[in-house]
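Enquirer: Mind having a look at this structure? Questions to follow.
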Amino acid sequence: MNRITKQLKQLKNDGRKALVSYIVAGDPSPATTLPAMHQLVAEGVDIIELGVPFSDPMADGPVIQLAHERALANDFSLADTMAVVTEFRKTDNITPVVLMGYANPIERMGYQTFSECAHAAGVDGVLTVDLPPEEAVDFNTELKKCELENIFLLAPTTTAARAKMIVSMASGFLYYVSLKGVTGAGHLDVDSVKNKMSELRQLTDLPICVGFGIKDAESAAAVGKLADGVVVGSALVKQAQAFEGQGVESITTALAKVVKPIRAALDAL
């Protein structure tokens, strides 16, 4: 059983909500990514999303765009991101890791090579922001051969017909984008999320995690009541940026301060 499925199943059995964290690999420095991953797990993160550095992260707001720029300035690549996962697996063979990024680096590597390398590194799933389901058939085939989950985004504007198409191909979990906009936006509409959750539950039994706009304990708890988990990204990336150049320990401590209250709020539900 894939680590993502196993983790989410266990959380459901325990009556707990999943906390998914997102950081950009190689940001703010190559040396910080691995310690940050371990620190996030220590503070209660259930699934780690690693952003693969890319020159045009169109779905992301300024905070994460700058993180991609810093990672690229550090010459951090898709191969480097997989190498970090390999190192992570030497001491953590439980926590699921999802690579989140854009199609171009994957296509340059080739679907088969990417899937085989990701599996060998210990990656559990892939979320490709700009690869629609109509164009993901071949990629999906290669991912399945390597027992990797293909995670898709759903948005407030996703129609019922399109959502049905997406869930037929998706696995692991669904990532619901809570708002119309880019990562880091602050206008979270909980009522809208509630209505969309009801629609999606009728289409799939897959766990649904909600991201975009989750930045603190209050927003996490509000959404956690409705979803199977929440995704926290920009709040973590912003903290890492704030402590850039101050050492690995300062950055991991800053990330812990973001995660602790969110974990506590979800566990209180």
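Enquirer: For segment 188-209, give me each residue that is without any contact (Cβ under 8 Å) to a residue 60 or more places away in the chain, under 15 Å from residue 167 (Cα atoms) and not hydroxyl-bearing (Ser, Thr, Tyr). Talk me through it step by step, then tell me what you get.
Expert: Here is the first cut: in segment 188-209, the residues without any contact (Cβ under 8 Å) to a residue 60 or more places away in the chain are 188-206, 208.
Checking the rest, the ones that are also under 15 Å from residue 167 (Cα atoms) come to 196-206, 208.
Scanning segment 188-209 gives 196, 197, 199, 200, 201, 202, 203, 205, 206, 208.
Enquirer: Related question: In segment 1-25, what residues are farther than 21 Å from residue 220 by Cα and either among the polar types (S, T, N, Q) or out of contact with any strand residue (DSSP E or B) (no Cβ under 9 Å at 6 or more places or on another chain) (or both)? Lay out the reasoning, then the answer.
Expert: From segment 1-25, those farther than 21 Å from residue 220 by Cα are 1-3, 5-6, 25; that's our starting set.
Result: 1, 2, 5, 6.
Enquirer: Another question, then. So which residues in segment 84-108 are surrounded by fewer than 18 Cβ atoms within 10 Å (Cβ to Cβ) and among the aliphatic types (A, V, I, L, M)? Walk me through it before giving the result.
Expert: Of all residues in segment 84-108, those surrounded by fewer than 18 Cβ atoms within 10 Å (Cβ to Cβ) come to 86-87, 89-94, 103-104, 107-108.
Those that are surrounded by fewer than 18 Cβ atoms within 10 Å (Cβ to Cβ) and among the aliphatic types (A, V, I, L, M): 94, 103.
Enquirer: To continue, here is another question. Can you tell me which of 136, 155, 73, 42 is surrounded by fewer than 19 Cβ atoms within 10 Å (Cβ to Cβ), of a type outside the set (Asp, Glu) and closer than 30 Å to residue 199 by Cβ? It would help to see each step written out before you state the result.
Expert: Details: 136 fails: surrounded by fewer than 19 Cβ atoms within 10 Å (Cβ to Cβ); 73 fails: closer than 30 Å to residue 199 by Cβ; 42 fails: closer than 30 Å to residue 199 by Cβ.
Sole residue among the options that is surrounded by fewer than 19 Cβ atoms within 10 Å (Cβ to Cβ), of a type outside the set (Asp, Glu) and closer than 30 Å to residue 199 by Cβ: 155.
The numbers here are math on the coordinates, done by the rules we state, and not lab data. Just so we're clear, the structure is a prediction, and the values are computed from it rather than from any experiment. Note that each Cβ is placed from the backbone with ideal geometry, even for glycine, and that neighbours are counted across all protein chains shown.
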